[in-house]
Amino acid sequence: MLQQTSSVNAFPKKKNEYQRTIRLDTCIAQKVLYVVGTTLKTNLGRCAPPNSTFFSVKCTPSVKYDIIPPPKESSHLSPITLNEKSVLLISMSGASQYENDSKLSVRYYSQDKDILGNAILHLTALEISLDVDADRDGVVEKNNPNKGSWKWGPDGHGAILLVNCDSERSYFQKPDNEVDYISKLSDLKDMSVMVLRTRGPARLPDGYKLTMHICQGHADGVRVYRPKPRYTSNSISGVANEFAQVLCSNVLSREVPYLGGAAEMNFYVEGLKFPDKDFDGLISISLSLLEPICTGLPETPIFTDTVMFRVAPWIMTPNTLRPVEVFVCSTSDNYSFLKGMRSLVANSGYKLNICHEYMNRGDRWMQDELEFGYIDAPHHRFPVVLDSPRDGKLLDFPYKELLGPDFGYVTRVALRKDVSSLDSFGNLEVSPPVTVNGKKYPLGRIIIGVAFPTTTKGRNMTQVVQDFLWAQKVQQPIALFSDWLLVGHVDEFMTFVPAPDRKGFRLLLASPDAGYKLFRGLKNNGHGQARLFEGRRDQEPITVDDILEDAGFQAENNYVQSCIDWNRDVLKRELGLDDSDIIDLPILFKLQQDEDNEYRAVAFYPDMVNLIVLGKNLGIPKPFGPKVNGRCALEEEMSSLMEDLGLSCTFIDDFASYHRLLGEVHCGSNVRREPFDFKWWNLDM
């Protein structure tokens with residue numbers, strides 16, 4: 001039964017409320033599908049019969065309306081004055097149980113209050129909500145008002161999407177994001193749940209339909225699946241034919257079923273690619289209700305609900321995080337190194353993984369081939385290995401041995417002509433968390449080595465890798481000058497170790513100045529004839545006096561120190577460090593010509609800064625320095641510096657199998673570590 005109701009404050013206004021314009025018709029009754037939470041807006045004067053001066057409104061109890069501008073008439077029972085700006089706003093409080101179960105009519109009158117016409121709306125109310133975990137608590141809440149946008153920070157909002165880059169297959173191994181079907185139920189946990197919630201009549205009016213759609217710009221970054229109608233928790237076999245692909249790069253829009261009554265339908269959203277230079281990581285998915293106009297003409301959208309995801313970034317883990325497992329290679333000539341590593345890892349209580357020669361094919365540089373990181377969302381997280389474009393003989397290891405269930409894989413492919421030694425991942429490190437001039441970096445900052453800014457022919461990390469690292473955003477990279485080194489890796493002159501005080505870590509820097517200071521002290525104490533490399537058959541011994549008297553050698557180390565000092569200043573500035581946060585290690589270098597006849601530096605004796613950190617235990621290249629009272633002076637100095645931090649030093653013989661090949665302990669090993677407790681989406685950006 002229609003009632004004439006007051007227009008004043010008939011329903012509350014909502015900020016940014018979705019309004020839909022409709023037209024009234026006094027010649028024929030109209031059927032209108034209304035979406036709960038929106039507003040129907042109609043211009044009352046536009047469809048009024050000629051000579052209309054007044055109007056009145058009646059509706060069933062479930063319908064609410066408001067008149068703009070508010071009428072001046074003292075009684076709502078009296079016809080209301082019509083003017084050109086008269087607008088009727090209509091809403092309904094809840095979903096309809098049956099089609100056309102509500103009604104609103106507008107009656108028009110002449111100056112003499114004669115009835116000139118009636119415009120009648122038969123209304124069907126429908127609740128529609130496309131929902132995601134917009135508040136990032138692991139639960140898909142209903143109709144979060146912020147679900148269509150992204151905001152960083154602890155008070156932020158927006159859903160999170162993982163790149164599905166692990167592999168659930170035990171055969172035909174391939175990252176799941178490269179396969180356009182779901183092969184196992186376990187694959188669903190790598191995806192984000194999106195829920196379509198509806199409430200209303202058993203069926204939509206004839207010709208109406210729901211469609212889900214994405215824009216062309218997001219299409220190659222996402223796929224959407226839903227269970228097929230026969231899906232039940234008891235019958236699903238876990239094979240591809242149980243899920244239908246809804247959206248992908250070739251299908252930008254598809255009709256989805258309306259289930260009727262009060263219903264929910266789960267969709268599974270799969271991320272396909274990481275943020276990069278040409279992709280900011282944001283992906284929108286929309287659901288639209290389409291209205292038929294006329295047979296043969298396209299439907300028009302009358303309501304659209306949109307959700308937004310941000311693809312989770314790839315995150316590196318610094319030395320201060322707890323180790324999980326250590327990776328090294330076994331080769332025909334690295335027995336001493338491997339023996340030392342086995343002992344260190346066993347005593348530290350971690351797992352050792354050995355890559356044997358059938359897989360490494362003689363390539364021992366485990367650090368250079370790959371970097372461990374992880375991806376994280378409220379519902380799931382897993383480690384992801386970043387494969388270097390270096391592609392040495394270890395190139396199959398990350399893909400064939402690490403990729404698997406809950407272990408992802410990502411790489412960046414560069415043209416071979418663009419790849420240099422600086423693309424090996426000894427040239428990719430990350431700091432512990434820091435605060436710089438009040439700005440917090442709770443996930444640390446990535447560190448890479450590049451050519452000096454003034455050079456025109458130096459080597460650089462390839463641009464595709466740099467673009468990838470910058471695009472992750474959460475560990476803003478720092479570029480250091482490493483091209484002065486023959487190999488060119490930042491791990492040849494710097495690393496981080498945990499500390500119980502100050503910032504929770506120390507930066508260790510190689511320092512020729514510290515080396516010369518140590519050797520001068522030995523000479524002054526009567527140990528000038530103590531010899532480096534004593535007892536080694538593969539290296540000519542040299543005395544402390546010989547080193548100190550070689551002016552050319554000292555000039556080379558002065559050059560090296562100037563290069564390290566330049567980087568020291570950058571690190572202090574970019575990481576917010578003081579000199580007391582830095583420890584200088586006594587390491588000397590020598591210059592030698594590379595294949596382009598350029599002079600670049602290599603470590604003169606095993607480079608102690610190129611170490612592995614396993615909690616409070618350090619695996620350090622055995623330096624074979626001058627012995628005083630039967631003990632290596634370099635080992636003594638290193639142990640003294642580290643023991644002040646509560647760290648234990650184990651010196652590993654890598655001389656023949658790594659040092660002479662221009663690498664050390666860190667170059668020959670790799671560590672997967674536990675993720676940060678801090679959630680990346682809580683960053684204040």
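Quick one: in the stretch 296-317, which of the residues that are at pLDDT below 95 and in a loop (DSSP other than H, G, I, E, B) is surrounded by the most Cβ atoms within 10 Å (Cβ to Cβ)? Residue satisfying both the conditions and the ranking: GLU299.
Of the residues contained in the stretch 571-580, none is found to be aliphatic (A, V, I, L, M) and either closer than 24 Å to GLY668 by Cβ or without any contact (Cβ under 8 Å) to a residue 24 or more places away in the chain (or both).
Considering (1) within 14 Å of the chain's Cα centre (by Cα); (2) buried (at least 22 other Cβ atoms within 10 Å of the Cβ), the lone condition that ARG381 does not fulfil carries the number (2). The set of residues from the stretch 471-480 being assigned to a strand (DSSP E or B) and among the small types (Gly, Ala, Ser) comprises just one member, ALA479. Can you confirm whether ASP483 is free of Cβ contacts under 8 Å to residues at least 40 places away in the same chain and part of a loop (DSSP other than H, G, I, E, B)? Taking the combined requirement at face value, the residue does not satisfy it. Just to be sure before I move on: is PHE493 within 26 Å of LEU614 (Cβ to Cβ), crowded, with 19+ Cβ neighbours inside 10 Å, assigned by TED's automatic domain parsing to the domain that holds TYR599 and of a type in the set (Phe, Trp, Tyr) in the structure I sent? Yes, satisfied. Of all positions in the stretch 191-207, none carries a residue that is modelled with pLDDT of 95 or more and touching a helix residue (DSSP H, G or I) at 6+ places or on another chain (Cβ under 9 Å). Considering GLN554, GLN529, the condition of being of a type outside the set (Asp, Glu), surrounded by fewer than 21 Cβ atoms within 10 Å (Cβ to Cβ) and part of a helix (DSSP H, G or I) is satisfied by GLN554 alone.
Quick check: is even one residue across the stretch 205-226 among the hydroxyl-bearing types (Ser, Thr, Tyr), more than 27 Å from the chain's Cα centre (by Cα) and either assigned to a loop (DSSP other than H, G, I, E, B) or over 30 Å from GLN367 (Cα atoms) (or both)? Among the residues of the stretch 205-226, at least one is among the hydroxyl-bearing types (Ser, Thr, Tyr), more than 27 Å from the chain's Cα centre (by Cα) and either assigned to a loop (DSSP other than H, G, I, E, B) or over 30 Å from GLN367 (Cα atoms) (or both), which makes the answer yes.
Tell me which residues, restricted to the stretch 532-551, are among the acidic types (Asp, Glu), outside any loop (DSSP other than H, G, I, E, B) and surrounded by 13 or more Cβ atoms within 10 Å (Cβ to Cβ). I'd like the intermediate steps shown before the answer.
First, pick out the residues of the stretch 532-551 that are among the acidic types (Asp, Glu): 534, 538, 540, 545-546, 549-550.
Adding the requirement that they be outside any loop (DSSP other than H, G, I, E, B) leaves 545-546, 549.
Within the stretch 532-551, ASP545, ASP546 qualify.
Of the strands (runs of 3 or more DSSP E) that lie entirely inside the stretch 318-434, those containing 1 or more residues that are in contact with a Leu (Cβ under 7 Å, 6 or more places away or on another chain), β-branched (Val, Ile, Thr) and within 19 Å of HIS666 (Cβ to Cβ) span 323-329, 380-387. Scanning the stretch 22-41 for residues that are surrounded by 17 or more Cβ atoms within 10 Å (Cβ to Cβ) and assigned to a strand (DSSP E or B) returns VAL32, LEU33, TYR34, VAL35, THR39, LEU40.
In the condition set (1) within 22 Å of ILE620 (Cβ to Cβ); (2) hydrophobic (A, V, I, L, M, F, W, C); (3) part of a helix (DSSP H, G or I), CYS563 is compliant with all but (1). Taken over the stretch 169-198, the criterion of being in a strand (DSSP E or B) and touching a Ser or Thr at 6+ places or on another chain (Cβ under 9 Å) is satisfied by VAL195, LEU196, ARG197, THR198.
Name the residues in the stretch 435-470 that are part of a strand (DSSP E or B) and either modelled with pLDDT under 95 or not basic (Lys, Arg) (or both), would you?
Within the stretch 435-470, the first condition is being part of a strand (DSSP E or B), and the residues that meet it are 435-436, 439-441, 446-450.
Scanning the stretch 435-470 gives THR435, VAL436, TYR441, ILE446, ILE447, ILE448, GLY449, VAL450.
For the stretch 557-570, residues that are under 39 Å from the mean Cα position of the chain (by Cα), touching a residue at least 24 places away in the same chain (Cβ under 8 Å) and surrounded by fewer than 18 Cβ atoms within 10 Å (Cβ to Cβ) total 2. LEU290 passes every criterion in (1) out of contact with any Leu (no Cβ under 9 Å at 6 or more places or on another chain); (2) at negative phi apart from (1).
The values are calculated or read from the model by the stated rules, or taken from the named source; none is laboratory data. Just so we're clear, the structure is a prediction, and the values are computed from it rather than from any experiment. Cβ atoms come from the backbone with ideal geometry, glycine included; neighbour counts cover every protein chain shown.
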